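In what follows, a structure is listed as structure tokens, so that the remarks can point back to it.
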Amino acid sequence: MKNAFGYLACGLIALFVGYFINAFGGLLLFELLLLSLLLSTLIYFLSQRKMKCEVRAVSDIAAKHETFEVELVLSSEIFPLPTAMAEITLQTTDNLKITGKTEIRALVMSKAPTVIKIPVEAVYCGLGAVTVKSFIVHDYLGITDKDITGRMHPSAALIKVLPDIPETGTQKEILRATAENSSYDEDSESESNETSLTPTGFPGFEHREYIPGDSLKRINWKLSTKKDGLLVRLDEKVSASSQVFMLDIPMGDLYDGSYMKNIDNIVEASLAMLDMLVRQGFESEFNYNIGGQWRKADIKQYGDIQLLQEDLAAVQGLNPENRFGYEEFTSKMQPICFSSCMANMQGELQYLLEKVRGSYVFTKASGIERVAENVWHVDEDLEFERLG
């Protein structure tokens, strides 16, 4: 509005000059002002229909805390005329952060597109996006503008952010709970031979004290409980089946930093759990959803976790219809579910409890308490704690 008043003032000055000072000069000035208004208006309306915008990823994958670039590309179909001035505001999902300007003013003055590089930092794991929040076209005289974001539908840059695979050491309580949930029988092995004395002095199969790096499959949990220390069987009769895990990421606000941080925490907690099991020689099955499709990963060695890590870089929130299709992958064993549910997501939490019968792992920051018999918390340091 201020610019409009300024333009009218210039017109009045031109009339004043023409009437009181120099008729030719005043008329020429008035014609130039009128021509500039007509040209500005023409380009303004053409730009609304002929400008195109896209946000393009230079690379579609990044590591956490890595800084990379995306490109804002503006093109025009009105060459040789330049376009009107465009004011573009960018936004990201909260697992990404633009480290430069989020508001950009630019125009296209040639047949070639105008390319502007935008620095972005990967903050949390999962599928992230850099999108155009608003695209406003201004005329040259600054008299009027229009938001044409809805008409343009500018494309977004999608970036997959790799989660870390944390090394958390051996956490005996969660490992024991995992082993007890697996279908192997240690009843006949705990103290079946009362006449045999082991090197540790305990009757039954031969045992020794646990040493970090020993296979989880050889820990005799029942005897260890009685003797108040981890004991490892020395026999060769241990038979274990895989533990079944699943990852549950319900749809939430992807522009809420606390929820994206929660997803990051629970995804890395699941990878830490798999890493602990592999280090103990224990196999597992991990079920997860990418792009609406459920997948199963058989985890037998560290390389399998690395392949899973690459897949989980594309993890994102799921709609209810895609959230629990895991039954076709799992065995009859009750799964251990790592969920990014939070206390303020009561509908999603209740749906989880109805659909999944097993154990649940939530982040400590989620605020979810003991909503079922077997619930665990994991904190930001990836320490597991059983509730109740």
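Where a number appears in this text, it was derived from the coordinates with a stated rule and is not lab data. Only a predicted model underlies this, so the values are computations on that prediction, with no experimental measurement involved. Because the Cβ atoms are built from the backbone with ideal geometry, glycine has one as well, and the counts that use them run over all protein chains shown.
Here's how it looks for T144: its modeled amide H is under 5 Å from those of D139, which are all 5 or more places away or on a different chain. Pairs of Cα atoms in the stretch 243-386 fall into 10 Å distance bins, from 0 up to the last occupied one, in shares of 12, 46, 37, 5 percent. Around the amide H of S134, modelled in the peptide plane, lie the amide H atoms of T89, all under 5 Å away and 5 or more residues distant in sequence or on another chain.
Near the amide H of G281, within less than 5 Å, lie the amide hydrogens of L216, all on another chain or at least 5 residues away, with H placed in the peptide plane. With a cut-off of 11 Å between beta carbons, the residues surrounding E380 carry a summed charge of -3, where Lys and Arg count +1 and Asp and Glu -1. Normalised by 2.2 N^0.38 Å, where N counts its residues, the alpha-carbon radius of gyration of the stretch 2-48 equals 1.31. If you take all other residues with their beta carbon under 12 Å from the beta carbon of K101, and give Lys and Arg +1 and Asp and Glu -1, the sum is 0. Within the set of other residues whose C-beta is less than 14 Å from the C-beta of A62, count the net charge using Lys and Arg as +1 and Asp and Glu as -1. Around A62, the charge tally is -4. Residue ranges 85-92, 111-118 sort as 85-92, 111-118 when ordered by packing (mean number of other C-beta atoms within 10 Å per residue, highest first).
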